[in-house]
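The values are calculated or read from the model by the stated rules, or taken from the named source; none is laboratory data. Source: prediction; values computed, not measured. Every residue, glycine as well, gets a Cβ built from its backbone with ideal geometry; the counts of neighbours run over all protein chains shown.
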Amino acid sequence: MLRIAVIVSILFLASGCLHSFTKPNEINSKAYQTLPPIKPSLPISSREKESVVTKVTLGAIGDILIHDRVYADAEQRDGTYNFKKMFAEIQRMLQVPDILVANQETMIGGKELRLSTYPSFNSPHEVGDALKDAGVDLVTIANNHSLDRGVKVIQSALTYWDTLGIPYTGAFKSQIDHDRIRTITKNDITFSFLSYTYGTNGIPLPKGKSYLVNIINETQIHNDVEQAKPISDVVVVAVHWGNEYERFPNKAQIGLAQKLADLGVHIVIGNHPHVLQPPAWVRGKNGNETLVLYSLGNFLSGQSELYTKVGGMASIEVIKTKMLDKSTIKLSKPSFLPTYNYDLNWQQFKIISMDRLTNEQLNKARSHYEKTKSHMSTSLQDLNIITSN
């Protein structure tokens, strides 16, 4: 009997040992659920790990400089003006950027105030219609010709831009108008736009109306940029600077570009030389990279020298990464579309992408195109040249 009792005890213990090796999926579910959960060492939720990335392409074109030969070509039999045909061949490319900025070099005061040409400009209202049709979203109008024909022409031009629904900056109706920084928001990215000129051809601002045109003043620019930062993700400053017909930026331009980069300006759009100047990256004192488009030349004008007929559209991808309550801005893929301002004996004005030019339109067209690409890539090796294909 004792031997039988020992055998039974051994079998009982053996059965208990066998149970301890049962596969996990065979464990009693209730017993398994009572095990304490394993906690991660860093309790970060999946939402906190997520980021939202949005992108906007900003484009800019150079001077819209309306000489009499240009508006004469646009005149219709009924006395109105049609500039839209001049943009027809390039319109598809102009509508690629999400936001497009143009430098309207001449005030569009309208023919009721008498049209005029160099050296004191007043252009037809219909220039604005053509720019809107072409895809322009904002115009910069602080330049050396802003005061050419006085306050009435400025007020008429600004009223017409308002009628078209195209925001302007650099010249203003009043102090209240001046103090309102222009912004445009696309894809959850807000851009602010400021504009300044080196002068107004010696014409002084009327007394009590300093708001009419923004003159380059470092203190004002600093204050405006600081006002723009809290209401926008990207600060864009247009500057009328440099010397006419010089194909490279001078020391004054380079110095001001550095100061703008130090202020945290993201993009600088330069005009006035009437010829292309190579763009560049400028590093600000805080390590930020500012894209400086020193001069985009003429986009549409009645000037006749070769370099004054070559212009283009610059563009840059702006990428916003938002995580929690913080966001960062990155500039990527600076690009340039070279264009040519064609005319046939001061008639049939039209803007053509240089990669489409024929030798009949410009002698040795391909050679000029290659030289333009090389010139614009002088300081920006990563510049992407856009074609119309």
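Listed by first and then second residue, the pairs linking a residue in the range 164-177 that is of a type in the set (D, E, K, R) to a residue that is surrounded by fewer than 24 Cβ atoms within 10 Å (Cβ to Cβ), with Cβ atoms under 6 Å apart and 6 or more places separating them unless they lie on different chains, are LYS173/LEU158. THR308 fulfils the conditions (1) within 25 Å of ASP137 (Cβ to Cβ); (2) in contact with a His (Cβ under 7 Å, 6 or more places away or on another chain); (3) among the hydroxyl-bearing types (Ser, Thr, Tyr) except for a single criterion, (1). Listed by position, the strands (runs of 3 or more DSSP E) enclosed by the range 305-389 that each have at least 3 residues that are hydrophobic (A, V, I, L, M, F, W, C) and closer than 24 Å to THR57 by Cα are 310-323, 326-342. Among the numbered conditions (1) surrounded by fewer than 24 Cβ atoms within 10 Å (Cβ to Cβ); (2) farther than 16 Å from VAL235 by Cβ; (3) in contact (Cβ under 8 Å) with a residue 40 or more places away in the chain; (4) not basic (Lys, Arg), the only one that LEU300 does not meet is (1).
The residues of the range 252-281 that are surrounded by 21 or more Cβ atoms within 10 Å (Cβ to Cβ) and of a type in the set (Val, Ile, Thr), listed by number, are VAL265, ILE267, VAL268, ILE269, VAL275. Restricting the range 303-334 to residues that are of a type in the set (Ser, Thr, Tyr) and surrounded by fewer than 20 Cβ atoms within 10 Å (Cβ to Cβ), the residue that is nearest to HIS272 (Cα to Cα) is TYR307.
Which of the residues that make up the range 313-330 are over 18 Å from VAL236 (Cβ atoms) and touching a residue at least 40 places away in the same chain (Cβ under 8 Å)?
THR321, LYS322, MET323, LEU324
Reported count of residues in the range 331-367, each being more than 23 Å from the chain's Cα centre (by Cα), touching a residue at least 60 places away in the same chain (Cβ under 8 Å) and over 22 Å from HIS67 (Cβ atoms), is 1. Taken together, the criteria exclude VAL101 from residues that are crowded, with 24+ Cβ neighbours inside 10 Å and more than 26 Å from the chain's Cα centre (by Cα). Considering ALA134, ALA142, the condition of being touching a His at 6+ places or on another chain (Cβ under 8 Å), under 23 Å from ILE267 (Cβ atoms) and in contact (Cβ under 8 Å) with a residue 40 or more places away in the chain is satisfied by ALA142 alone.
Checking the condition touching a Ser or Thr at 6+ places or on another chain (Cβ under 9 Å) and modelled with pLDDT under 95, which residue from SER45, SER51 passes?
SER51
Name the residue, out of VAL53, VAL151, that is out of contact with any Cys (no Cβ under 7 Å at 6 or more places or on another chain), in a strand (DSSP E or B) and surrounded by fewer than 23 Cβ atoms within 10 Å (Cβ to Cβ).
When all the criteria are applied, what remains is VAL53.
Of all residues being among the hydrophobic types (A, V, I, L, M, F, W, C) and farther than 27 Å from PRO273 by Cα in the range 165-222, which is surrounded by the fewest Cβ atoms within 10 Å (Cβ to Cβ)? Just the residue, please. Residue satisfying both the conditions and the ranking: ILE176. Which one is farthest from the chain's Cα centre (by Cα), of the residues in the range 203-231 that are in contact (Cβ under 8 Å) with a residue 60 or more places away in the chain and assigned to a loop (DSSP other than H, G, I, E, B)? Per the stated criteria, the residue is LEU212.
The residue that is nearest to ASP73 (Cα to Cα), counting only those in the range 100-120 that are of a type in the set (A, V, I, L, M) and in contact with a Phe, Trp or Tyr (Cβ under 8 Å, 6 or more places away or on another chain), is LEU115.
Between ASN250, ASN271, ASN187, the distinction of being closer than 28 Å to MET376 by Cα, under 20 Å from the mean Cα position of the chain (by Cα) and polar (S, T, N, Q) belongs to ASN271 only. Counting the residues of the range 259-291 that are assigned to a loop (DSSP other than H, G, I, E, B) and among the small types (Gly, Ala, Ser) gives 3. Just wondering, is there one or more residues in the range 318-333 that are modelled with pLDDT of 95 or more, out of contact with any helix residue (DSSP H, G or I) (no Cβ under 7 Å at 6 or more places or on another chain) and under 27 Å from ASN122 (Cα atoms)? No, the conditions are met nowhere in the range 318-333.
When THR200, THR183 are checked against the criterion of being outside any loop (DSSP other than H, G, I, E, B) and either more than 26 Å from ASN243 (Cα to Cα) or touching a His at 6+ places or on another chain (Cβ under 9 Å) (or both), THR183 stands alone in meeting it.
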